[in-house]
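Below is one structure, written out as structure tokens; the observations come after it.
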Amino acid sequence: MEERIAVNQVGYAVHQSKRAFSRSPLASATLVDVKTKAVVFDQGELSQRFDPLLQDTVFQWEFTKFKRPGEYKVVADGASSVAFRISDGVYREIFTLAARSYYLQRCGEAIHDPVTGVAHPVCHNRLATVLETGDLRDVAGGWHDAGDYGRYMQTAGVSTGQLLLLAEMAPDTVAEVRLTLPEARVRWPDLWTEVAYELEWMFKMQRDDGAVYHKVNTDRFCAMVLPQEDTEPLWVYDVATPDTAIFAASMARAARVLRPLDQAYAERALAAALRAWKFLATTGPLLHPENGHTGAYLTQSDRDERLWAAAELWLTTGDEPYRDYVENNWQMVLGDPAKPLSGINWEDVSTLVPVALSLDPARSGEALWRRAQAHLLRNAERLLQQIRQHGYEVALEASEYVWASAKAAVAHGLNLAVAHRLSGRKEFLDAALAQWNFVLGANALSQSWLTGAGEASTRHPHNRYVVASGILIPGLLAGGPNANGYRQDHRAPKTVGPLAYIDDDEAFSVNENAIDYNAPLVVLSAYLNEVRLSQTSG
Ligand code: 9MR
Ligand code: ZN
């Protein structure tokens, strides 16, 4: 079979960079109109790069100059890409698709979605037993975490916290885009309504003393059944400090974002955040909640979560002890600006500290804002270096081709987007866009890891609802290539990192979705749309 030329399978905005990739030379590449079959462009710029992980040359054909909206393929020497569009709607479309998947993952209510056909009766709305006391507790609601039906605080907090960054990063996009949800809150944009579906569940997971429970799930993962058929007893697992801090951070941010829209909701969120902080202030690390036999989101330290909570509380309340906490603990958690920032993830949320502070100079104060900005820009420079060493312009290092590499790529994209917002530097925007292109098909497998997005996109995610119903939920980001995956699920291919992926619903180490994978993709898509909006109107 001819190799497929790799492109972003959804498409490219009219005025931004457009590149195709292949491991075969692209000297004869042309752009062909899908409807008329006519060659519409053959003046692309050629370059090539040796990719150290693939141990092969990757050829690049840049067609940025071509700006006519339409549907096209890149064709060269008998090889072809899939059809994709040139359209200013692509960012908004992926933002909507990926954000809407949260609604489709809702737990505790019946789903009847006219847009996608996704439907099931109410699920997991029975009372759960609190492990530590034996009490019954109402913890219905929230989103199913992933391909399993668990609901876990760490991914809930890191996902809602990231989505709420869009209040600063893409306010116009958030205000404008409708997600076609079953309910609306007066004056609230749809994205915040969806985030609040998760926040409501998070409120239920807080104990009276402010501590927050780690997760709710059955003791073991259920079979690949529909959610309403998962009827084993539900357990609420022990409180833990990383979870409590992540809760405090996300609630403090929610309070700040929602204050202008809904004062009462904001006060409720802030009160919950303050109760959580009060518990943390008198409690050392509790890192080993009882965990049953389901997903383990266990982390080595709660320092990064505490630092993020303090930063958000400082920004929301302006109370100086929170600022002092951030100043006193920054070095220990984040180090100096030369230390790499990680892509935001459930295990290490430290990058949310400079991100949150840099997005709000007025509330941060000069000193913290400068520190945050310096660190983010330095890190973005490092990511540019990283990208230049890879054929497909991805910011992943060899060691990042592990579980959830596609998430890691878009998380680096988020860091680059913030660096672009701070500096206005086009290279950072281009680099952020390259991470978006990577997960949507511009990669060594010519595979889009977002369900429903692109001709060669993931069709068989490890997702219980999808497997049991046969209905594909669109807008789910799969984990992506994982060099250790074959040892974990015995399905993923044993090969070099960039190729270690298979579209198989049993390959959970590469093909499961999760709420925390979608979050940076939603943020990045909205940011790209916001920049495009400002460029077209400006
Ligand atoms: O996304 C998680 C990944 O970072 C971990 O390496 C992996 C193994 O612990 O677990 C992933 O999270 C899974 C969770 O444990 C259970 N629900 C499904 C999650 C996505 O695969
Ligand atoms: Zn459910």
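The values are calculated or read from the model by the stated rules, or taken from the named source; none is laboratory data. Computed from a predicted model, the values in this text were never measured in an experiment. When we count neighbours, we look across all protein chains shown, and the Cβ atoms used for this are built from the backbone with ideal geometry, even at glycine. These area figures cover heavy atoms from the full protein model, side chains too; ligands, DNA and RNA do not enter into them. Shrake-Rupley method; radii C 1.70, N 1.55, O 1.52, S 1.80 Å.
Residues to consider are Ala372, Ala367, Ala395; find the one that is hydrophobic (A, V, I, L, M, F, W, C), part of a loop (DSSP other than H, G, I, E, B), without any contact (Cβ under 8 Å) to a residue 60 or more places away in the chain and touching a helix residue (DSSP H, G or I) at 6+ places or on another chain (Cβ under 9 Å).
Ala395
Which residue, of Glu132, Glu168, Glu183, Glu176, is more than 16 Å from ligand 2 (Cβ to nearest atom), within 19 Å of the chain's Cα centre (by Cα) and of a type in the set (D, E, K, R)?
Unique residue meeting the criteria: Glu168.
Exactly one of (1) away from ligand 1 (no atom under 16 Å from the Cβ); (2) under 21 Å from Val239 (Cβ atoms) is unmet by Val158. Its number?
Every listed condition holds for Val158 apart from (1).
Mind listing whichever residues of region 395-419 are over 17 Å from the mean Cα position of the chain (by Cα) and surrounded by fewer than 24 Cβ atoms within 10 Å (Cβ to Cβ)?
Going residue by residue through region 395-419, those that are over 17 Å from the mean Cα position of the chain (by Cα) are 397-399, 419.
Within region 395-419, Glu397, Ala398, Ser399 meet the criteria.
Condition first: in contact with a Leu (Cβ under 6 Å, 6 or more places away or on another chain) and open to solvent by 60 Å² or more (accessible area, probe 1.4 Å). Now tell me which residues in region 108-134 satisfy that.
Leu127
Please enumerate the residues belonging to region 466-496 that are surrounded by fewer than 24 Cβ atoms within 10 Å (Cβ to Cβ), touching a helix residue (DSSP H, G or I) at 6+ places or on another chain (Cβ under 7 Å) and within 28 Å of Phe95 (Cβ to Cβ).
The answer is Leu472, Ile473, Pro474.
Tell me yes or no: at least one residue of region 506-524 is more than 16 Å from ligand 2 (Cβ to nearest atom), at negative phi and part of a loop (DSSP other than H, G, I, E, B). Spell out the reasoning first.
As a first pass, look at region 506-524 and keep what is more than 16 Å from ligand 2 (Cβ to nearest atom): 506-512, 516-524.
Checking which are at negative phi leaves us with 506-512, 516-524.
So of that shortlist, the ones also part of a loop (DSSP other than H, G, I, E, B) come out as 506-507.
Yes, region 506-524 contains a residue that is more than 16 Å from ligand 2 (Cβ to nearest atom), at negative phi and part of a loop (DSSP other than H, G, I, E, B).
Matching residues to (1) farther than 30 Å from Ala419 by Cβ; (2) among the basic types (Lys, Arg); (3) more than 16 Å from ligand 1 (Cβ to nearest atom); (4) in a helix (DSSP H, G or I):
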residue	(1), (2), (3), (4)
His124	yes, no, no, no
Gln154	no, no, no, yes
Gln162	no, no, no, yes
Glu168	no, no, yes, yes
Asp172	no, no, yes, yes
Gly210	yes, no, yes, no
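For a quick check of your reading: which strands (runs of 3 or more DSSP E) sit entirely within region 24-81 and have at least 2 residues that are under 28 Å from Tyr401 (Cα atoms) and either in contact (Cβ under 8 Å) with a residue 12 or more places away in the chain or over 30 Å from the mean Cα position of the chain (by Cα) (or both)?
By residue number, 45-51, 56-62.
Need pairs with beta-carbon distance below 7 Å; first residue in a strand (DSSP E or B) and within region 95-109, second within 16 Å of ligand 1 (Cβ to nearest atom); sequence gap 6+ or separate chains.
Arg106/Trp143
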